[in-house]
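Asks: Okay, handing you the structure first.
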Amino acid sequence: MMNKVPVILISGFLGSGKTTLLLRLLAHTRQIPLRAAVLMNEMGEYDVDSAIISEEMPDVTVEGLLEGCICCSKRNELAGALHTLLSQEPDLIFMETTGVANPEQVLEELRSSLLADRLYLVHSISVVDAELFHEYNSRFTADKELVRTLHGQLRTADFIVVNKTDAASSREVTKVVKSIRKLNDTAKLQTTEYSRVDLEPLLEPVLASASVAAKPAQTPQPAPAQVQLTDADAPFAPIPVKSSVSRSTAFKVISAHSHDHHPKQPHSFSRLESLTLHQYSPQPLEKQRLENFLTGLGSSLLRAKGYCVLPQEGTMLLQFSGNHLEWQPTALPVSQGYVTLIGEQLDKASITDQWEQCFISL
């Protein structure tokens, strides 16, 4: 009988720090060593989060499912993607869902006849933004589907990371923990910053069952010294843009995704969608204009990330989450920038008009 491969599922709302945690886990498995593989799910058209994994750890196999959530619209593709990873004979598979996916449906799929004889769940981890937890729960109260998603991410977890405690008061962190315990009083829980948690207990069940010595280990590669990660999803490498528009066009809407689902399948959110805008103009995009553009979108914008080519700074990585805007320099060769937005009931026509204005000379 074929040995089952352990799976660690990582869920959590937008910008909570899932990819940062995943990178820490991958670095730890490399030291053991274990051969890890990753299934990354993205709402947008481009596999931005898995690109950083491939950039930092080229020996790790990454499979991406784009433009939808594996809990609903991409659910039929989940088994195929996992079997692709299984063909690489990994010791362990990490699965990171989109920030708006309900892991309850994903766990059902793992128990299906297509996967149950090949995989078994070791941990279901949920990452929580301590600063925004109560704000999001209050904001989305009227959206029952999204509330079910937020609660499902916690109910299914056996390990909960209350992250970004540096951005919240100790009183707020205590309130967050109490609220979480009302939904899940059995999961192990750690409060932390930048997804720094004790990784060894998470991997102990894998070590207990994996026959590491029977397989050739990954070729050790030195991890980058003191990599500066944001506490939102980690930086990523650029993806070539497929475009058919005229070069005189100042912008391009790359994708405008809303949560598509089968009528008989429960879906995890209703009003959240993604929109990717492309820096498709010979005119430089000024940093201050872009910052004004993002902050001007107000509360409808929950998350933004992308690469921008700026006239003075060169190529910069942009991370926006919870009204916190961060820039990081990068040496990655990016000829054309882009920004992916995720928000609630985005006014696409207005947003693209505002984006175009960023390129008009004063």
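The values are calculated or read from the model by the stated rules, or taken from the named source; none is laboratory data. Because the structure is predicted, anything quoted here is derived from the model rather than measured. Methodologically, a virtual Cβ is constructed for each residue, glycine included, from the backbone with ideal geometry; neighbour enumeration extends over all protein chains shown. Ligands, DNA and RNA are excluded from the accessible area calculation, which covers all protein heavy atoms including side chains. Shrake-Rupley method; radii C 1.70, N 1.55, O 1.52, S 1.80 Å.
Asks: Considering only residues that are outside any strand (DSSP E or B), open to solvent by 10 Å² or more (accessible area, probe 1.4 Å) and either of a type in the set (Asp, Glu) or at pLDDT below 70 (or both), which ones fall in the stretch 53-69? Step through it out loud before you land on a result.
Replies: Applying the first criterion (outside any strand (DSSP E or B)) to the stretch 53-69 yields 53-60, 66-69.
When the remaining residues are screened for being open to solvent by 10 Å² or more (accessible area, probe 1.4 Å), the result is 54-60, 66-67.
Listed by number, the residues that qualify are Glu55, Glu56, Asp59, Leu66, Glu67.
Asks: Here's a check for you: in the stretch 292-307, which residue that is under 13 Å from Trp355 (Cα atoms) and within 22 Å of the chain's Cα centre (by Cα) is surrounded by the fewest Cβ atoms within 10 Å (Cβ to Cβ)?
Replies: Initially, the stretch 292-307 is screened for residues under 13 Å from Trp355 (Cα atoms), giving 292-297.
With the extra rule that they be within 22 Å of the chain's Cα centre (by Cα), the set shrinks to 294-295, 297.
On the way: Leu294: 18, Thr295: 12, Leu297: 18.
Checked the stretch 292-307; the qualifying residue surrounded by the fewest Cβ atoms within 10 Å (Cβ to Cβ) is Thr295.
Asks: For the stretch 166-188, which residues satisfy the criterion of being touching a Lys or Arg at 6+ places or on another chain (Cβ under 8 Å) and outside any loop (DSSP other than H, G, I, E, B)?
Replies: Quick first cut of the stretch 166-188, residues touching a Lys or Arg at 6+ places or on another chain (Cβ under 8 Å) only: 183-184.
The answer is Leu183, and nothing else.
Asks: Given (1) in a helix (DSSP H, G or I); (2) free of Cβ contacts under 8 Å to residues at least 12 places away in the same chain; (3) under 24 Å from His324 (Cα atoms), where does Thr141 come up short, assuming only one miss?
Replies: So the condition that Thr141 fails would be (1).
Asks: Could you say whether any residue in the stretch 82-93 is modelled with pLDDT under 85, part of a loop (DSSP other than H, G, I, E, B) and either in contact with an Asp or Glu (Cβ under 7 Å, 6 or more places away or on another chain) or of a type outside the set (Phe, Trp, Tyr) (or both)?
Replies: Step one: filter the stretch 82-93 for residues modelled with pLDDT under 85, giving none.
No, the stretch 82-93 contains no residue that is modelled with pLDDT under 85, part of a loop (DSSP other than H, G, I, E, B) and either in contact with an Asp or Glu (Cβ under 7 Å, 6 or more places away or on another chain) or of a type outside the set (Phe, Trp, Tyr) (or both).
Asks: Let me ask you something else. Based on this model, can you work out whether Val162 counts as open to solvent by less than 10 Å² (accessible area, probe 1.4 Å) and either more than 20 Å from the chain's Cα centre (by Cα) or more than 25 Å from Ala81 (Cβ to Cβ) (or both)? Walk me through it before giving the result.
Replies: Numbers: open to solvent by less than 10 Å² (accessible area, probe 1.4 Å): yes; either more than 20 Å from the chain's Cα centre (by Cα) or more than 25 Å from Ala81 (Cβ to Cβ) (or both): yes.
Answer is yes for this residue.
Asks: While we're looking at this one, here's another question. Val100 fails exactly one of the following numbered conditions: (1) assigned to a loop (DSSP other than H, G, I, E, B); (2) open to solvent by less than 10 Å² (accessible area, probe 1.4 Å); (3) at pLDDT 80 or above; (4) out of contact with any Phe, Trp or Tyr (no Cβ under 9 Å at 6 or more places or on another chain). What is the number of that condition?
Replies: Here Val100 clears every test but (4).
Asks: Sticking with this structure for a sec: Test Ser270 against the stated conditions and say whether it is at pLDDT 85 or above, within 24 Å of Ala130 (Cα to Cα) and open to solvent by 20 Å² or more (accessible area, probe 1.4 Å).
Replies: On the way: at pLDDT 85 or above: no; within 24 Å of Ala130 (Cα to Cα): yes; open to solvent by 20 Å² or more (accessible area, probe 1.4 Å): yes.
Against the criterion (at pLDDT 85 or above, within 24 Å of Ala130 (Cα to Cα) and open to solvent by 20 Å² or more (accessible area, probe 1.4 Å)), Ser270 does not qualify.
Asks: So Asn323 passes all but one of these: (1) closer than 21 Å to Asp129 by Cα; (2) buried (at least 17 other Cβ atoms within 10 Å of the Cβ). Which condition number does it fail?
Replies: Only one criterion in (1) closer than 21 Å to Asp129 by Cα; (2) buried (at least 17 other Cβ atoms within 10 Å of the Cβ) is unmet by Asn323, namely (2).
Asks: Take Ser179 and tell me if it is open to solvent by 50 Å² or more (accessible area, probe 1.4 Å) and polar (S, T, N, Q). Explain how you work it out, then say what you get.
Replies: Details: open to solvent by 50 Å² or more (accessible area, probe 1.4 Å): no; polar (S, T, N, Q): yes.
So Ser179 does not fit the description; no.
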